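Undergrad: Below is a structure I'd like to ask you about.
The values are calculated or read from the model by the stated rules, or taken from the named source; none is laboratory data. Source: prediction; values computed, not measured. For neighbour counting, all protein chains shown are included, and Cβ atoms are generated from backbone atoms with ideal geometry for every residue, glycine included.
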């Protein structure tokens, strides 16, 4: 009986301590981009997980912007009808110029690297400018073989046998 009371008290203490810890953001935040071509424009929201997402709009795009603080040139790559990455010029305000203007057929954006990535999500990303960067996995996982892998759990202690 004392063993059960001790285990129950230890478990309750652990739950209270865990509940007081700040929660990590475990969802990759989407990025909303505004595509402008001349006087016309449109907006699209993308999950920023490094995957290439197809879009279809015939508007010839010359500039892409996002919310303040989002560096589009660092986080996103844009593809034209040929499937090749489009030439972009990054601006000081985080926007990019597309040259020459043309329809964008696909977009790929990496997550905000200040946020942690949930277990089983990709943690290795190809930067739009070239090169590879590793994202930060949340505290319950680590980056291995391009994915956030959960830490192994320790097996439960064997229960005492009664004699």
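Undergrad: Quick test for you: out of 74, 46, pick the one residue that is in a helix (DSSP H, G or I) and surrounded by fewer than 20 Cβ atoms within 10 Å (Cβ to Cβ).
TA: 74
Undergrad: Does residue 129 satisfy the criteria of being surrounded by 13 or more Cβ atoms within 10 Å (Cβ to Cβ) and either under 15 Å from the mean Cα position of the chain (by Cα) or outside the structural domain of residue 65 (by TED's automatic domain parsing) (or both)?
TA: no
Undergrad: Could I ask something else about it? In segment 88-120, which residue that is in contact (Cβ under 8 Å) with a residue 40 or more places away in the chain and not in a strand (DSSP E or B) is nearest to residue 144 (Cα to Cα)?
TA: So, considering only residues that are in contact (Cβ under 8 Å) with a residue 40 or more places away in the chain and not in a strand (DSSP E or B), the one nearest to residue 144 (Cα to Cα) is 118.
Yes or no, residue by residue, for (1) closer than 14 Å to residue 35 by Cα; (2) within 14 Å of the chain's Cα centre (by Cα):
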{"residue": "51", "(1), (2)": "no, yes"}
{"residue": "60", "(1), (2)": "yes, no"}
{"residue": "87", "(1), (2)": "no, no"}
{"residue": "90", "(1), (2)": "no, no"}
{"residue": "97", "(1), (2)": "yes, no"}
{"residue": "120", "(1), (2)": "no, yes"}
{"residue": "133", "(1), (2)": "no, yes"}
{"residue": "143", "(1), (2)": "no, yes"}
{"residue": "153", "(1), (2)": "no, no"}
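Undergrad: All but one of (1) in a loop (DSSP other than H, G, I, E, B); (2) touching a strand residue (DSSP E or B) at 6+ places or on another chain (Cβ under 9 Å); (3) at pLDDT 90 or above hold for residue 24, so report the exception by its number.
TA: Looking at each condition in turn, residue 24 falls short on (3).
Yes/no matrix, rows are residues, columns are (1) touching a residue at least 60 places away in the same chain (Cβ under 8 Å); (2) assigned to a loop (DSSP other than H, G, I, E, B); (3) in contact with a strand residue (DSSP E or B) (Cβ under 7 Å, 6 or more places away or on another chain):
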residue: 57; (1), (2), (3): no, yes, yes
residue: 62; (1), (2), (3): no, no, yes
residue: 65; (1), (2), (3): no, no, yes
residue: 142; (1), (2), (3): no, no, yes
residue: 153; (1), (2), (3): no, yes, no
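Undergrad: Checking the condition in contact with a strand residue (DSSP E or B) (Cβ under 6 Å, 6 or more places away or on another chain) and surrounded by 17 or more Cβ atoms within 10 Å (Cβ to Cβ), which residue from 41, 95 passes?
TA: None of the others qualify; the one that does is 95.
Undergrad: Kindly indicate whether any position in segment 112-131 is in contact with a helix residue (DSSP H, G or I) (Cβ under 8 Å, 6 or more places away or on another chain) and modelled with pLDDT of 85 or more.
TA: Yes - at least one qualifying residue is present in segment 112-131.
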